[in-house]
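The values are calculated or read from the model by the stated rules, or taken from the named source; none is laboratory data. It should be emphasised that the depicted structure is a prediction, and the values quoted were computed from it without experimental measurement. Positions of Cβ are backbone-derived with ideal geometry, glycine not excepted, and every protein chain shown enters the neighbour counts. The area values use the complete protein model at the heavy-atom level, side chains included, leaving out ligands, DNA and RNA. Shrake-Rupley method; radii C 1.70, N 1.55, O 1.52, S 1.80 Å.
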Amino acid sequence: RDPSFARLLAWQPTLDLLSVMGFDDVRWIGNLFLINKPPFSPRLYWHQDWLWWDEPVSSEPRPMQVFLSYYLEETTIENGCFRVIPRSHLRRNVLHDKIPIAHDTKTENLPPAYPIFEDVPDAVNVPTKEGSIVMGDARLLHSANANNTPKHRPLLLGWFLFNYALYPPSIKEAYAKS
């Protein structure tokens, strides 16, 4: 609830970047999360953060929801950097048929041999420098490498919506309840 987090989400360089990219009617949703990848922690499973695949807006090439990750430390493959499957927000991938609901308690407890932890040939690692901001479409399949170091790897994560007036009532109602 610290006001400095709200200032970070409303940071003018971030809003300017979103504007230059053509994103209008920008709305911040939810909270700003501190995500900490503990020392010697396993990889994060492949998942997407978009929940409304049955809605026609889900097939639009333009994102409706994005995440911004503010990296507080440098990330490398060794300390658990972010991984993505390019274009998986625009086309089907074999993992789409294997992934359960993201961030569900059942998903959190799946064994490392489960298919959502597998290596994928077209996956790309996204190492970052301290102070970097990474933006991703909520529909993008993403994960994180294992942290094989004795240090924590923190980041701040915020969510933004675009063109909210175009959202169908079912999605607006879901956001109103959260």
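The residues packed around PRO168, meaning those with a beta-carbon under 13 Å from its beta-carbon, carry a net charge of -3 if Lys and Arg are +1 and Asp and Glu are -1. Mean residue ellipticity at 222 nm, helices only, the chain: -4000 deg cm²/dmol; runs of at least 4 DSSP H residues each add -39,500 (n - 2.57), and the sum is divided by the number of residues.
Taken per residue, the accessible surface of the chain reaches 57 Å², heavy atoms only and a 1.4 Å probe. Between ASN145, TYR70, ALA165, the Cα set farthest toward the positive side of the dipole of the stretch 23-178 (charges on each charged residue's Cβ, about the Cα centre) is that of ASN145. Structural descriptor for the chain: relative contact order 45 percent, calculated from alpha carbon pairs under 8 angstrom and at least 6 residues apart.
Note on the stretch 41-178: lysine pairs with Cα distance below 30 Å, sequence gap of 8 or more or different chains, count 7.
In the chain, taking the dipole from charged Cβ atoms about the Cα centre, the farthest positive-side position among PRO3, LEU17, PHE117 is held by PRO3.
The C-alpha atoms of the chain occupy a region whose extents along the principal axes are 43, 38, 29 Å, arranged from largest to smallest. Rounded to the nearest 20, the Cβ-based charge dipole of the chain about its Cα centre (Lys and Arg +1, Asp and Glu -1) stands at 160 debye. Using a Gaussian network model of the chain in which every pair of alpha carbons under 10 angstrom is joined by a spring, one finds that among LEU72, LEU90, LEU17 the greatest mean-square fluctuation is at LEU17.
Along its principal axes, the stretch 1-92 has C-alpha extents of 41, 37, 23 angstrom, given from the largest down.
Note on LEU15 and THR105: the extension gain reaches 29.1 nm, defined as 0.36 nm multiplied by sequence separation minus the Cα-Cα distance.
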